[in-house]
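Down below is the structure, laid out as structure tokens.
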Amino acid sequence: MNARTLYPAERGNLRLSFEYFPPKNDEMETQLLQTVQDLSVFAPAFVTVTYGAGGSTKARSLTTVKRMIGEMGLENTAAHLTCVGASQAEVDAVIDEYVACGVRHFVALRGDPQGGIGSAYQPFPGGYENAAALVKALRRRGDFEISVSAYPEKHPESPDVAADIDMLKRKVDNGATRAITQFFFDNNDFERYLERVRRAAIQIPIVPGILPINSLTQVQKFAGLCGSKIPEAIISRLAHLEDRPAERFKEATHIAAEQMVDLARRGVRDFHVYTMNRSPLVTAVCDLVGYARATEAAQERVVALRTRTVATA
């Protein structure tokens, strides 16, 4: 499939959002800030910053969000929030900290079990028992935009897709305004899931999560943990290129762009891209799909802002 088969008008109607994770050290912070600025030329509708289970990245997440809103001018930054390993009062205090620095959009998640993926989930004593309860708490506290998770291939802990959709319905009933999916690679899975969601009278936007494959080995590991599958056709396109980085990069660019173009042909207009805090592959994908870049003057402002931001890091 050729990504250029999208007409300019169709490409102009596609919206992007990006996910980032908080850096663990100064070097990773510099890389993150550069990535955020590189990708800002595509004018994302919003960006998100992840939050570790039980608040394990609380300080780093909060610092990253503050910088992105206060120093980089990204007022559309959304903060991830989980309810694992924390009391309601502790979660509420985190919400207050985010609101104080300008956050008006949350991504409300249950979070992984404290014992790690694969272990049994147990609600924290006195905490919010699941994402639906967290959404309800957020809605009580303000008129926030609230995104939640969705799973086209089923959450690994769910008995079936019907249970996932039931949970999504509870989150929507409690005030969720958007769902962002776990990454997937088979668009038929997404289309079947979306049909079931709409039959359940869930009408909020369901935004597909797109993961460009920087490393096939790494993504295979991620997929194994979250219950996603990578089609053999994709594996065969990349596996023999592990020691040929330039060719692997080009092939990975086409794989992600083809997936987005096919989804756009099926009526999808919003895409959430998991950046892994790296810009080159994401930039190449967005260019191949045909996303418009900011004007030259706007790009000059981006460079100037990046210079100031890195200088103060």
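The values are calculated or read from the model by the stated rules, or taken from the named source; none is laboratory data. As the structure is a prediction and not an experimental result, all values here were calculated from the model. Quick reminder, even Gly has a Cβ in these numbers, built from the backbone with ideal geometry, and neighbours come from all protein chains shown. Ligands, DNA and RNA are stripped out before the accessible areas are found, and what is left, the full protein with its side chains, is counted by its heavy atoms. Shrake-Rupley method; radii C 1.70, N 1.55, O 1.52, S 1.80 Å.
Note on Ala233 and Thr30: the model spin-label points, each 7 Å out from Cα along the C-beta direction, lie 4.2 nm apart.
Taking the Kirkwood radius as the inverse of the mean 1/r across Cα pairs, report the Rg/Rh of the range 133-260.
Numbers: Rg = 16.9 Å, Rh = 16.0 Å.
Expressed as Rg/Rh, it is 1.05.
Couplings 3J(HN,Hα) for the range 188-198, derived from phi with the Karplus relation 6.51 cos²θ - 1.76 cosθ + 1.60 (θ = phi - 60°), are 5, 4, 5, 5, 4, 4, 4, 4, 5, 4, 5 Hz, where x marks Gly and Pro.
Straight-line cross-link partners of Lys154 among the aspartates and glutamates, defined as a Cα under 16 Å from its Cα and at least 8 positions apart when in the same chain: Asp112, Asp164, Asp166, Asp186, Asp189, Glu191, Glu195.
Counting Lys and Arg as +1 and Asp and Glu as -1 over every other residue whose Cβ lies under 12 Å from the Cβ of Val148, the net charge comes to +4.
Calculate how large, on average over all directions, the projected area of the Cα convex hull of the range 142-181 is; give the answer in nm² to one decimal.
Values: hull surface 11.3 nm².
About 2.8 nm², averaged over all directions.
The packing ranking of peptides 246-257, 76-87, highest mean first, is 76-87, 246-257, where packing means the average number of other beta carbon atoms within 10 angstrom of each residue.
Residues whose amide H comes within less than 5 Å of that of Thr77, counting only those at least five positions distant or on another chain, are Val47 (H built at 1.01 Å from N in the peptide plane).
The residue list Gly142, Thr181, Ala162 was ranked by how far each Cα lies along the charge dipole of the range 141-198 toward its positive end, using unit charges on Cβ atoms, and Gly142 comes out on top. The distance between label points at Gln88 and Thr217 comes to 4.7 nm (points 7 Å beyond Cα on the Cα→Cβ vector).
Backbone amide hydrogens, once placed in the peptide plane, bring Gly127 within less than 5 Å of Gln88, excluding anything fewer than 5 places away on its chain. Under the simplified labelling scheme, the Ala201-Arg139 pair shows an inter-label distance of 1.4 nm, with each label point 7 Å from Cα along Cα→Cβ. In order along the range 73-78, phi translates into HN-Hα couplings of x, 8, 5, 8, 6, 9 Hz, rounded to whole numbers, per the Karplus curve 6.51 cos²θ - 1.76 cosθ + 1.60 with θ = phi - 60° and x for Gly and Pro.
Compute the convex hull volume of the Cα atoms of the range 215-285, divide it by the residue count, and report the result per residue in Å³ as a whole number. Please report the intermediate quantities before stating the final value.
Details: hull volume 7.6 nm³, N = 71.
Spelled out: Cα convex hull of the range 215-285, divided by residues, is 107 Å³.
Got a number for carbon plus sulfur as a percent of the range 141-190's accessible area, 1.4 Å probe? Before the final figure, lay out the partial values.
Details: 810 of 1910 Å².
Of all accessible area on the range 141-190, carbon and sulfur atoms account for 42 percent.
Among the listed pairs Lys24/Lys221; Lys58/Lys169; Lys171/Lys229; Lys66/Lys250, which are separated by more than 30 Å between their Cα atoms? Kindly include the intermediate steps, with their values, before the conclusion.
Values: Lys24/Lys221 21 Å; Lys58/Lys169 28 Å; Lys171/Lys229 26 Å; Lys66/Lys250 35 Å.
Beyond 30 Å: Lys66/Lys250.
Could you state the accessible area per residue of the range 63-217 in Å², with a 1.4 Å probe and every protein chain left in place?
Working: 6450 Å² over 155 residues.
Heavy-atom accessible area per residue stands at 42 Å².
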